[in-house]
Structures are given as structure tokens and as C-alpha cells.
Amino acid sequence: MGRVLAIDFGKVRTGIAVTDELQLIAFGLETVATKELIAYLISYTSAENVDIFVVGEPKQMNNDPSESEVLIIPFLEKLKKSIPSIPVIRVDERFTSKMAFQTMIDSGLSKKKRKNKALVDEISATLILQSYLSSK
């Protein structure tokens with residue numbers, strides 16, 4: 001069994017989380033510059049067995065796609081062309097950034113560390129992945 005890799009896509013940087021090989025535990029992997037994301041994923045999937053990509057789906061409160069979805073669609077097309085063997089699943093990502101920030105507060109991180117947007121993105125990807133695992 002391979003890993004599940006989750007992506008919290010952002011215009012500038014993207015948070016990435018993965019599971020263990022048994023797909024039981026979700027943990028943050030890292031945050032990468034979005035312009036380097038496809039190359040990173042190609043490199044990662046050539047070194048690690050990945051069964052599925054889980055990509056956050058930003059929605060508004062009325063269930064309509066948020067405006068950032070227009071940035072994600074071209075990325076998904078590139079991803080499917082670059083790594084066609086790994087399927088992509090979308091997961092609602094509403095509130096993940098707020099939940100990530102609250103997680104940082106709850107875990108006692110200092111104010112300075114909570115300003116680290118890359119860490120927020122990584123935690124958000126972990127929350128997206130955990131949501132997917134819980135729904136399985």
C-alpha cells in the first residue's frame with residue numbers, strides 16, 4: 001500500500017502532507033513554492049510510493065467554488081499530465097486555515113511562530129488529509 005499525499009494549493013506556496021504507508025496517520029511534510037510544486041511532486045513520487053493525491057477544494061459558504069479555484073484548475077491539469085498514474089481526489093477545505101491557526105494556538109506555539117504562513121499551509125494540508133482519511 002502506498003501513501004496518500006494531500007495538497008493545500010496556494011498562489012505563492014503550497015502545503016503538503018502525507019500518510020504513513022498503511023494510510024493510518026497524517027502528518028505535515030513541508031511547504032513548497034507553488035512554482036516548484038510539479039517538479040517537487042514528480043521527485044517525491046519517484047522516490048516514494050503514492051497511491052492518491054488529495055487536493056483541497058476551496059468553497060464558499062453557499063457551496064460555490066471560491067475564487068481561488070480558478071488557480072487550482074490549471075494546476076490539476078498539469079498534475080494529471082505530469083503524473084497520470086496517480087488519481088486525484090478533491091476534499092472540501094473550508095475552514096482549514098482557521099483550524100490550522102487554532103491548532104497552533106492550542107499547541108502553545110509562540111506568536112512569532114504562528115506568523116509562519118508556511119507552517120499554516122502545512123497544517124492545513126494535514127487537516128485536509130485527515131478529513132479524507134476520516135471519510136474513508
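Restrict the check to segment 64-78 and report whether at least one residue is under 12 Å from the mean Cα position of the chain (by Cα) and of a type in the set (Asp, Glu).
No, that holds for no residue.
Give me the pairs: first residue in segment 25-46 and over 14 Å from Ser82 (Cβ atoms), second residue small (Gly, Ala, Ser) and part of a strand (DSSP E or B), beta-carbon distance under 6 Å, and six or more apart or on different chains, which are they?
Ala26/Ala17; Gly28/Ala17; Leu29/Ala17; Thr31/Gly15
None of the figures in this text is laboratory data; all of them are computed from the coordinates on show. As the structure is a computational prediction, the values presented were derived from the model and not from experiment. Every residue, glycine among them, receives a Cβ derived from its backbone with ideal geometry; neighbour counts consider all protein chains shown.
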